[in-house]
Structures are given as structure tokens and as C-alpha cells.
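Here is the structure we will look at.
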Amino acid sequence: MILELKNVSFTYHSKDNETKAVDKMSFGVEEGTFVGLVGPSGCGKTTLLNLLAGITEPGEGEILLHGKKLSKTDDKIALMPQRDQLFEWRTIEKNVCLGPEIQKRKDKSFRLYAKKLLEKYGLGEFATKHPSELSGGMRQRAALIRTLVTDPDVLLLDEPFSALDFQTRLNVADDVYEIIKQEKKTALLVSHDISECISLCDKIVVLSARPATVVAEIEVTLDKSLTPLRRRECADFSQYFEKVWKLLEDKK
Ligand code: ADP
Ligand code: MG
């Protein structure tokens, strides 16, 4: 188990308000797998990813990475935010190196690694271009490469395809999946698209309405040798779809 959550809770505190967003959440993630998180809008999914990314700390419970308590300085878990957040005034190359540059890393090997990743995944000739010169799919690939430059073990993807139109989304999802598999990463994907989760994931964790807690974990046993797109075409999603749908409806 690469990642383990044990009774994790989190509450937002403001001057005159408290909002519990995550409640006693427990589940595990096996190394090299793709795990989907689905739950009603506003239930606490982004909050959960922020906890896993070490941006915030749980009020209760613990998060274990490789069996050790996650620390704030751990960069073995990287978050790809909901919007691609590429800065127009930076070139693609400079955008993908933003993280380690802000951290003022002494070891500059990330620059070479970034170049390699851009080349490998078809963005080599766009390295000196600006984000507006790229298609939606290419921007998403650049955002993914930015998440990969620090060579994390776990990637957190927060509704990464929600800004793309349906057809583009299918292809970009395939693309992102291939890259994550090739780079041998473990991934957690938040999505409100059940079919997307079934096509990409080995396991789907269904969450309740806020505060989010685990309602069920559903193993997806489709042919892993197929790409997500081929799985959509060839496999029968209905049993998974109905299960997840019913759980979400029941917990509204
Ligand atoms: P999701 O990603 O599942 O849509 P979020 O994790 O963004 O949900 O939010 C969960 C709940 O926590 C929502 O009710 C939201 O309003 C609240 N929330 C999110 N961020 C903050 C914040 N910074 N301060 C207070 N409440 C917040
Ligand atoms: Mg969210």
C-alpha cells in the first residue's frame, strides 16, 4: 500500500463558522494503481486532495505515505489543480519548471527532466511557446508534465478534464492515462463523470455528501491491457455505472 488514510477528518474554521468537509475517511491506495474519487459537488473532494498534497493538515486521523506519516515538506505527492493554471507570460518550458523554481531548488536536474518529458510527450517544439498557442489537450499535457517534473510517486488529479469538450476529453484522458502508466505513477482522480472513472480506474471510492466520508470502494476489473478509450468501446460499464449511481443517489 503506497498511501493510506486512517480516520482522516478536516474542518474549516472561520471567525463565526465551522464547516466540516472530511469526516473519518479511511481507504488505501495500492502502488501503481489509478483510484477514482466520486462524490456530490461540494462534498469535500478538493479538501481531501489538499490534505493529501500536504497543503493542509488533518484535524484528526493520519495519512501514511509508504507507511510513514505524511509531512508538509514531502514532495512525493503532487497535485494537478482543477484549472491548468499555466501562466500566459511564461513559456511552456518555464511553466512546467515553476514548482521547483519557486522552491529555489539547488539541484537543477529538473530542467533537464522537464525538457525530456516535453520531448517525449510531443511538446518539444512548443517549449518556447506560450500557453495560448497550445490546444486544450496540449495545455493539459503541459500541466501534467509540470506535475511530473519533481518526480513524485503519487499524482492527484482534480477534475482534470472538466474544462474540455466531450470529444477532446476522451482523447486527453487517454493521453494522460498513457503518460501516468509509462512514468509508473500512482494516481488519484477526482471526477464527477462516472464513466470516465470506470474507464480509467482500478478502484472507485464513492463519497457521501459533505462532510465527505467513504460510502463504498468498488473494484473495477476491466481489461487493463486496453486504453481507457478502448475500454469505453469494448467493455460493459453498466454494472459499475449502476452501482456507483445508486450509491450516490442514496447518499444525497
Ligand atoms: P468539492 O471539491 O467536493 O466540490 P470542496 O472540498 O471544495 O468540495 O469543499 C467542501 C466544502 O468545504 C464546501 O462546503 C465548501 O464550501 C467548503 N470550503 C471549501 N474551501 C473552504 C475554505 N477555504 N473555507 C471554508 N469553507 C471551505
Ligand atoms: Mg472540487
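The values are calculated or read from the model by the stated rules, or taken from the named source; none is laboratory data. Predicted model, so just to flag it, every value in this text is computed and none were measured. All Cβ positions, even for glycine, are placed from backbone atoms using ideal geometry, and neighbour counts span all protein chains on display.
Descriptive notes on the structure:
- Subset of the range 44-59 (residues that are part of a helix (DSSP H, G or I) and either out of contact with any strand residue (DSSP E or B) (no Cβ under 8 Å at 6 or more places or on another chain) or charged (D, E, K, R) (or both)): K45
- Meets criteria (closer than 20 Å to M80 by Cα and either surrounded by 14 or more Cβ atoms within 10 Å (Cβ to Cβ) or more than 20 Å from the chain's Cα centre (by Cα) (or both)) for D223: no
- Considering only residues in the range 162-179 that are assigned to a helix (DSSP H, G or I) and of a type in the set (S, T, N, Q), the one that is surrounded by the fewest Cβ atoms within 10 Å (Cβ to Cβ) turns out to be Q167.
- Within the range 65-77, the set of residues being touching a strand residue (DSSP E or B) at 6+ places or on another chain (Cβ under 7 Å) and in a strand (DSSP E or B) comprises L65, K69, I77.
- Every residue from the range 68-89 that is exposed (fewer than 15 other Cβ atoms within 10 Å of the Cβ) and of a type outside the set (G, A, S): K68, K69, K72, T73, R83, Q85, F87, E88, W89
- Consider the range 1-60 and keep the residues that are more than 16 Å from ligand 1 (Cβ to nearest atom) and hydroxyl-bearing (S, T, Y). The one that is farthest from L200 (Cα to Cα) is S26.
- Among the candidates F161, F166, the residue that is within 16 Å of ligand 2 (Cβ to nearest atom) and modelled with pLDDT under 95 is uniquely F161.
- E62 vs. criteria closer than 30 Å to K104 by Cβ, assigned to a strand (DSSP E or B) and either more than 16 Å from ligand 2 (Cβ to nearest atom) or at pLDDT 95 or above (or both): yes
- Of the residues V205, V172, V176, the single one that is touching a residue at least 24 places away in the same chain (Cβ under 8 Å) and touching a strand residue (DSSP E or B) at 6+ places or on another chain (Cβ under 6 Å) is V205.
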